[in-house]
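Structure first, commentary second.
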Amino acid sequence: MRVLLTGGAGFIGSHVADALLDRGYETLIVDDLSSGRRENLPEGAEFRPLDIRDGDGVQAVFREFRPDVVCHQAAQTSVAISTREPLRDADINVLGSIRLLDAARDVGARIVFASTGGAIYGEVPEDQAADEQWLPKPVSPYACSKYAFENYLHGYRAEHGVQATILRYANVYGPRQDPHGEAGVVAIFARRLKDGEPIRINARRALGDDGCVRDYISVRDVVRANLLAIDGKLEPMVMNVGTGIGTSTGTLARELHKTMSSRSEIGHGARRPGDLERSVLRPHPDLAQGLVPLAEGLRETAAWFAR
Ligand code: NAD
């Protein structure tokens, strides 16, 4: 199996890269190192520094490597940046992705796409979990660009027979997580708790409440979903990768505080404009078994940040 992995120097991509190399898949990592780091790349991995917006560069890499599968993790991943610079977000997440899609069509490769369940469904009411049948209601430019590229994948499948799996991740956490990404709160808390700096629970509605509710999923579960998709074992085309469990920022803060035996103070902050109050996904049944419990995943993450 020949896998071209974009974003393999990033948080999630580097864990996928580790797993692909463990399996002995021939893997080529493409990344422009804009938010990823060289030290995240697994030892011995084949790496091509390349911006996916460079159409000629993308075509050349595909012609040379001729992947069976493209695992597309590279993206502008910050909701805040997408709001400030929507054109830049769309340039990478839509136009860059289309360049990959054209190149994949030309060599007959399948695509696995890292989309976002955390942002695409919008507000999820209390006691409910969004399943794949929910109509996406993207609000941020980031969610709009991810959903736009999902639609290109549907279009290219109908028009050109390009096979694709769309994985809509919930809030992913784990070792190597970057505080600036889509769901950086675990990384932000872990760093501050380690250094004894205060942390803050931003309000969901009013100052002093327990904060927004999110569906936190371990990067290990996200890697497992990617491997199944890369192996062509996932049907249908769109799948949620979440846990179905909602956790408030306050619960997350206290759990990490305990795990890290931290002396940091836990305080409260104002609501951040634009934050969804509640986002919880119903995991696709094929991906719902054997998920890493939050306490266990946080222990692994805390141990990594402690180092
Ligand atoms: P990350 O920022 O750690 O990884 C993204 C990688 O893409 C980085 O290595 C970066 O250098 C690379 N990249 C960015 N722009 C590029 C470009 N123009 N050309 C080539 N490489 C480029 O983020 P992550 O959290 O690992 O996210 C991986 C994927 O998962 C992204 O597509 C993201 O949108 C998606 N996602 C993440 C989460 C989450 O909770 N972290 C949730 C939903 C979806």
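The values are calculated or read from the model by the stated rules, or taken from the named source; none is laboratory data. Remember, predicted model here, so these are calculated numbers, not experimental data. Positions of Cβ are generated from backbone atoms using ideal geometry, with glycine treated the same way; all protein chains shown enter the neighbour counts. To get the accessible areas, we keep the full protein, side chains included, count just its heavy atoms, and leave off ligands, DNA and RNA. Shrake-Rupley method; radii C 1.70, N 1.55, O 1.52, S 1.80 Å.
When you count the other C-beta atoms within 10 angstrom of each residue and take the mean per peptide, 202-208, 214-220, 274-280, 191-197 line up highest first as 214-220, 274-280, 191-197, 202-208. What you get for the chain, charging only the Cβ of Lys and Arg (+1) and of Asp and Glu (-1), is a dipole of about 580 debye around the Cα centre.
The lysines whose alpha-carbon is closer than 24 Å to the alpha-carbon of LYS146, local same-chain residues fewer than 8 away aside, are LYS137, LYS233.
Just checking the listed ones, ARG224, ARG37, ARG84: in the Gaussian network model of the chain with Cα springs under 10 Å, the one fluctuating most is ARG84.
With the convex hull constructed from alpha-carbon coordinates only, segment 40-100 shows a mean projected area of 5.0 nm² over all directions.
Annotation: per residue accessible area for segment 62-150 equals 41 Å², rounded to a whole number [probe 1.4 Å, protein chains only].
Counting protein heavy atoms only, segment 79-131 has 54 percent of its accessible area on carbon and sulfur, 1.4 angstrom probe. Using Cβ point charges alone (K and R +1, D and E -1), the dipole size of segment 81-155 about the Cα centre works out to roughly 360 debye. Taken over segment 138-213, the convex hull of the Cα atoms encloses 124 Å³ per residue.
Taking only Cα atoms and a 10 Å spring cutoff, compute GNM fluctuations for the chain and point out the largest among PHE65, PHE189, PHE113. The residue that fluctuates most here is PHE65.
The length gained by stretching the chain between GLU277 and ARG263 to full extension, at 0.36 nm per residue less their Cα-Cα distance, is 2.2 nm. P(r) for the chain, from all Cα pairs and a bin width of 20 Å, is 35, 58, 7 %, short bins first. Go through GLY122, SER264, VAL94 and say which Cα lies farthest out towards the positive end of the charge dipole of the chain; charges sit on Cβ, +1 for Lys and Arg, -1 for Asp and Glu. After comparing all options, I get SER264. Computed from phi, the 3J(HN,Hα) profile of segment 33-46 under the Karplus parametrisation 6.51, -1.76, 1.60 (θ = phi - 60°) reads 6, 6, 10, x, 10, 4, 6, 7, 5, x, 4, x, 6, 7 Hz, with x in place of Gly and Pro.
Among PRO236, PRO283, PRO175, the largest mean-square fluctuation in a Gaussian network model of the chain, built with springs joining Cα atoms closer than 10 Å, belongs to PRO236.
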